Amino acid sequence: MRRDYKNILLSFSLILAGCSSSEIVLDTMDSNPMYVASSSATAMASPRMLQAPLKEFNTERYHNIEENGFKQVATAPLSTVSIDVDTASYTNVVRMIDKEGELPPKGAVRIEEMINYFDYEYPQPGANATNPFSLTTELMSAPWNKKNKLLLVGLQAKKIAKKDLPPSNFVALVDLSGSMRDSLLLVKQSLKFLVEQLDEKDHLSIVGYADGVGLMLKPTNCKNKQAINSAIDSLVAYGGTDGEAGIEFAYKQAKENFLTQGNNRVLLFTDGDFNIGKTSESEIVDIIKKERESGVYLSVIAYGYGNFNDAAMEQMADHGNGNFNYINDILDARKVFTEELSGTLYTLGKDVKFQLEFNPAFVDEYRLIGYENRKLNDEDFNDDTKDAGEIGVGNSVTFLYELVEANTTTQQAKVDNLKYQSKVLNKETKVLKEIATIKMRYKNNDSNQSKLLSKVVKSDEKASQNIRFASSVAMYGMLLTESQYLNSANYDNVLTLAKANKGKDENGYRAFFIRLVEKSKLLTPEQPIALEDYAFESLEPIYFEKNRFHLNEKSKEKLIVMTELFKKHLKPEQIIRIVGNRDKMGSEEYNFVLGLKMANSVKQFLVSLGINENQTIIISNGEKNPVCTEDTPECYNKNRRVELEILD
């Protein structure tokens, strides 16, 4: 719990001096000269002395999350869900652990937002594709329960250069109440990042609200950056929080300057703590649901702590057809408003829904990890009047399903057979080798009629760094929420999996995640390591350069991490099989021999690090086991690899 120690000390001092508690003044609010007169704007309240109760405890608000359980394919073969591209939960969790040194409440952890914070190597839609999206599927053993499988479904939206995006009409709605005083500098930095990315096609207005609401900057062409930045610098925080009036006025401003062929959006910068006018979550959401029909979207960019209202802000963004981001520091501001600007503020598809149909011949049960507040009724999938999530330009969305394979131990009791009907499987269910069929619906921004995409998930889908790293984030979220499905999950397993699959990580986000997990481990009581349950299927291949069999430094780093894993989890009776694979450049005999030399290089390095040589064997597939069949340098790079497998 966090207390406002300065106010408590001030109050105590004044009481000793003979002042009653009703006479204690906590804040002084001055009028703001930047508010301009407007016949349509609510007049600002006159300056006054604020008498307020002391804020004794942390009043942050989060919705309770009831974890998704396993469902039986025999009785519930469909999983229907709206997409979610929000990332606020992850950066808010970072704030609590990294800055405040405490683990987050369970309600603050939305696993899907933690997974979707990171980029994955999903392919862009083809140049001649009729839809601006691509679908990726991968399959592996669940790292926390090797008896089960883990299915990844990845959606990638098309990337579009800023110069090719439509003109924008942005209204920055800035909370200038006293509770935002500590966050206002970060809000200003965020706005300046945004302004730097906009150009002469775009216009920006700034609306401020505290006790009342006013126009801080009339619609201004974004080529006039000096005038905009001057208005940003003049923002001052004070007073109460009339969020209702601010939201209504911002929508009015956006509609007055509406661009028929453009991007119209209100950007709400706030901590979500409304205390004047309509203040309840449901009342504010009702206003936003009504206003979104105008074609103006609303995104929420959250700041602050202590009185942070996550519950209300998430719902506001969801119903406003916008994103929900939390800005913890200036690096987060840069990520949202510079690196990911297009995905944050430019919608590519609206009302995006997914529906998976699982094949009972291969799957007995399934559970969706995260997305608890995004589930839809099965019949909502084909109903174009049902609202769903939006996806921005260049955004990606990741779903993870834990699967119980057919004819294995189930997670819940079977229901009785039906008396009046029976379900007979199609003859093709086993022959097709299909685990599931994925269907996706989305609407173009200018249409109310959805389009349909589909993809089949085969039983032999491969695993890559995408699913391995995403599963480490999911396992971390499960630990923070004390999931009932943890099985062998612990922080050591998360770290091993994340370190081995960090990938390129050009901006260092995955490296920071690893440090975050290490801090979380220190804040958590010691956990036993369940060696017998570790899923070694998550081992990443070791890649080699053309016509080479010596290890480079990057490969050695990967093997050092794997060695730590082997020393912790490898049982005496288990064997590490080291398999060399080659591209098809050169003769078949040449590639077989070179594959063997590659495998031996890996073996000798492992032995030098302390692995028992008697627990290793090497073989070569030569060029006969490619993972990519195209005649391109990129394909050859993927095929020149050594794979490590654990044999029981």
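With respect to the conditions (1) in contact with a strand residue (DSSP E or B) (Cβ under 6 Å, 6 or more places away or on another chain); (2) more than 22 Å from Ala470 (Cβ to Cβ); (3) at pLDDT 90 or above, Arg374 lacks only one, and its number is (2). Looking across Lys350, Lys375, one residue alone is under 21 Å from the mean Cα position of the chain (by Cα), over 21 Å from Val424 (Cα atoms) and open to solvent by 40 Å² or more (accessible area, probe 1.4 Å). It is Lys375.
Within the stretch 597-611, the residues that satisfy the criterion of being over 12 Å from His550 (Cα atoms) and touching a strand residue (DSSP E or B) at 6+ places or on another chain (Cβ under 9 Å) are Leu606, Val607, Ile611. Considering Gly272, Gly306, the condition of being surrounded by 23 or more Cβ atoms within 10 Å (Cβ to Cβ) and outside any strand (DSSP E or B) is satisfied by Gly272 alone. Applying the criterion of at least 3 residues that are farther than 23 Å from Val494 by Cα to the helices (runs of 4 or more DSSP H) found wholly in the stretch 539-648 leaves 588-608, 633-639.
Looking across Ala333, Ala361, one residue alone is touching a residue at least 40 places away in the same chain (Cβ under 8 Å), open to solvent by less than 50 Å² (accessible area, probe 1.4 Å) and in a loop (DSSP other than H, G, I, E, B). It is Ala361.
Among the residues of the stretch 422-432, the one identified as among the hydroxyl-bearing types (Ser, Thr, Tyr) and surrounded by fewer than 12 Cβ atoms within 10 Å (Cβ to Cβ) is Ser422.
Among the residues of the stretch 433-458, those that are touching a strand residue (DSSP E or B) at 6+ places or on another chain (Cβ under 8 Å), open to solvent by 50 Å² or more (accessible area, probe 1.4 Å) and part of a loop (DSSP other than H, G, I, E, B) comprise Lys433, Asn445, Gln449. None of Ala161, Ala172, Ala157 is within 26 Å of Gly394 (Cβ to Cβ), of a type in the set (A, V, I, L, M, F, W, C), buried (at least 20 other Cβ atoms within 10 Å of the Cβ) and more than 22 Å from the chain's Cα centre (by Cα) except Ala172. For the stretch 101-116, state whether one or more residues are more than 18 Å from the chain's Cα centre (by Cα), among the charged types (D, E, K, R) and open to solvent by 10 Å² or more (accessible area, probe 1.4 Å). Scanning the stretch 101-116 turns up at least one residue that is more than 18 Å from the chain's Cα centre (by Cα), among the charged types (D, E, K, R) and open to solvent by 10 Å² or more (accessible area, probe 1.4 Å). Which residue is nearest to the chain's Cα centre (by Cα), if the candidates are limited to the stretch 247-269 and must be of a type outside the set (A, V, I, L, M, F, W, C) and in a loop (DSSP other than H, G, I, E, B)? Within the stretch 247-269, the match that is nearest to the chain's Cα centre (by Cα) is Gly262. Of all residues in the stretch 595-609, those satisfying the criterion of being closer than 13 Å to Met562 by Cα, open to solvent by 10 Å² or more (accessible area, probe 1.4 Å), touching a residue at least 12 places away in the same chain (Cβ under 8 Å) and among the hydrophobic types (A, V, I, L, M, F, W, C) are Phe605, Leu609. Could you please let me know if Ala227 is surrounded by fewer than 16 Cβ atoms within 10 Å (Cβ to Cβ), touching a strand residue (DSSP E or B) at 6+ places or on another chain (Cβ under 9 Å), more than 22 Å from Ser342 (Cα to Cα) and at pLDDT 95 or above? In short, yes. Only a single criterion out of (1) open to solvent by 20 Å² or more (accessible area, probe 1.4 Å); (2) in contact (Cβ under 8 Å) with a residue 40 or more places away in the chain; (3) not aliphatic (A, V, I, L, M) is not satisfied by Glu283, namely (2).
The values are calculated or read from the model by the stated rules, or taken from the named source; none is laboratory data. All of these numbers come straight from a predicted model, not from anything done at the bench. Cβ sites come from the backbone with ideal geometry, for glycine too, and all protein chains shown count toward neighbours. Just the protein is used for accessible areas: all its heavy atoms, side chains included, with ligands, DNA and RNA removed. Shrake-Rupley method; radii C 1.70, N 1.55, O 1.52, S 1.80 Å.
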